[in-house]
Amino acid sequence: MNYLETLLMEQTPTEEERKKLKFIASDIIKRINFICKKENIDATPVEVGSVSKNTNLKSSDIDIFITFAKSYSVEYVEKKGLEIGHNVVKNATEKYAEHPYVSGYVDGIKVDIVPAFRISKGEKIVSSVDRTPLHTLYVNSMIEEKMIRDIRLLKVFLKSINVYGSEVSKSGFSGYICELIIITFGTFKNFIEYASRLNGKMIIPKDCKKEFNEPVIIIDPIDPTRNAGAAVSEENLSKLKLAAKLYVANREDIIFHASPVVMTDRKTLMKVFVIKKPDIIDDIVYPQAVRLKNKIWDIFHRSGFMPVSCELYVGDEIEILIEYELEKLPNVQRHMGPPAESNESLKFIDVWKERSELMRGPYIVGDRIYVDMRTQYTDIDEIIRMELKKMDIGKNLNQFKNEIKILSGSQINGLNVMEKFYSKYLF
């Protein structure tokens, strides 16, 4: 037995766990049906997700959708869906993505109650979640009993290389994609051999007629105009290709047992920028955190501090690490003007001869006019704070931008972003 098979055994739910999940889901559905009948609501509870298809791994959530008739308004569906959710899952919290839903625990099992509209295949959706019950029906109609083990095997493999999960922070392969892949290829072995030989984009089915820009194209059988693999990043596709090559070559040691080399004496400088995380779901926060990281990197680059690398961690707080080369800027910076032949050249000369920060010039290098100017700000902390004040750093982050903590030296030891930075490896 190889190591992946061992992992599969460890992560496959026991019969007792399956019975518990089935009992909780059935009980919740029964209670929702009772409420809908009592209040004369045209809505039907539907279990969706991997548990409903028996393709789940251990510690999976239960997902129950309340599918309302399309005659109801969006406002009614959201309000009544949340109300029913709180009724059947006590002490639950409301969460907000494209749509609001209720999330809580029943007998230690996480349960999400999601309001949606009831649609048929080919019918126009109101919200993207409306397709999910149809996904469940499709998968259950297509998978054979022998495929279930291979679907779980693929999920375990993708988890092992850290590319499993459709949340924005992961940009990986969802459970639904795993099911579609095994339905297409029949077995885990067939797919891994395909992935090990893959060049360029992953396109499933290979005779796909519609064009998409994303690196992974997996046509959704419920909606042929939709790319079910749109969330998968190019980096995660590359990880899969390499891991597949290693697995086919019997190099499980690199996939499952390798350790990153950590040399902390890098002769560089590091700063960590810490900002509060808003109380909203990660799928909304994460893209804003990425944009903030990119803005800070750009400030380092434009200001001449020579950034080398960066890392982002989103947990209870947002931590952004920038590794760079220069502690302070010199007192002089060269400023590039227009080409000497340009009609703007005379204006440039006249403007700069009157400016107090001029230290040398104007002079010509190649075809352009330059001046040496006194550096106004030489400290990166000061530059960052000044620049961020003028920037939109994200709808939900703007309220915290004046409270950003800038840490360096011993202050950054033990931070989560540092651990993530130094543990960087293939997978």
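The values are calculated or read from the model by the stated rules, or taken from the named source; none is laboratory data. Just so you know, these numbers come straight off a predicted model, no measurement behind them. Because the Cβ atoms are built from the backbone with ideal geometry, glycine has one as well, and the counts that use them run over all protein chains shown. For the accessible areas, the whole protein counts, side chains as well, though only heavy atoms, and no ligand, DNA or RNA atoms are used. Shrake-Rupley method; radii C 1.70, N 1.55, O 1.52, S 1.80 Å.
Based on what the data block shows, is residue 124 among the basic types (Lys, Arg) and either surrounded by fewer than 22 Cβ atoms within 10 Å (Cβ to Cβ) or more than 27 Å from residue 243 (Cβ to Cβ) (or both)? Spell out the reasoning first.
Numbers: among the basic types (Lys, Arg): yes; either surrounded by fewer than 22 Cβ atoms within 10 Å (Cβ to Cβ) or more than 27 Å from residue 243 (Cβ to Cβ) (or both): yes.
So residue 124 fits the description; yes.
Taken together, the residues in the stretch 378-422 that are farther than 18 Å from residue 293 by Cβ, open to solvent by 40 Å² or more (accessible area, probe 1.4 Å) and not in a helix (DSSP H, G or I) amount to 3.
Against the conditions (1) exposed (fewer than 12 other Cβ atoms within 10 Å of the Cβ); (2) touching a residue at least 12 places away in the same chain (Cβ under 8 Å); (3) assigned to a loop (DSSP other than H, G, I, E, B); (4) not hydrophobic (A, V, I, L, M, F, W, C), residue 343 satisfies every one except (2). Residues that are surrounded by 14 or more Cβ atoms within 10 Å (Cβ to Cβ) and out of contact with any Phe, Trp or Tyr (no Cβ under 9 Å at 6 or more places or on another chain) within the stretch 84-100 comprise 84, 86, 87, 88, 97, 99, 100, listed in sequence order. Tallying residues that are touching a residue at least 24 places away in the same chain (Cβ under 8 Å), closer than 30 Å to residue 44 by Cα, assigned to a helix (DSSP H, G or I) and among the hydrophobic types (A, V, I, L, M, F, W, C) within the stretch 128-162 yields 7. In the stretch 325-338, the residues that are open to solvent by 90 Å² or more (accessible area, probe 1.4 Å) reach residues that are at pLDDT below 90 and part of a loop (DSSP other than H, G, I, E, B) with C-beta atoms within less than 9 angstrom, at least six apart or across chains, in these pairs: 328/378; 331/375; 331/378. Pairs linking a residue in the stretch 190-208 that is open to solvent by 50 Å² or more (accessible area, probe 1.4 Å) to a residue that is in a loop (DSSP other than H, G, I, E, B) and of a type in the set (D, E, K, R), with Cβ atoms under 9 Å and 6 or more positions apart or on different chains, are 201/214.
Please specify each residue of the stretch 21-43 satisfying the condition of being of a type outside the set (Asp, Glu) and out of contact with any Pro (no Cβ under 9 Å at 6 or more places or on another chain).
22, 23, 24, 25, 26, 34, 35, 37, 38, 40, 41
Highlighted here are the helices (runs of 4 or more DSSP H) found entirely within the stretch 166-270 that include at least 2 residues which are of a type outside the set (Phe, Trp, Tyr) and within 17 Å of the chain's Cα centre (by Cα): 175-185, 234-248.
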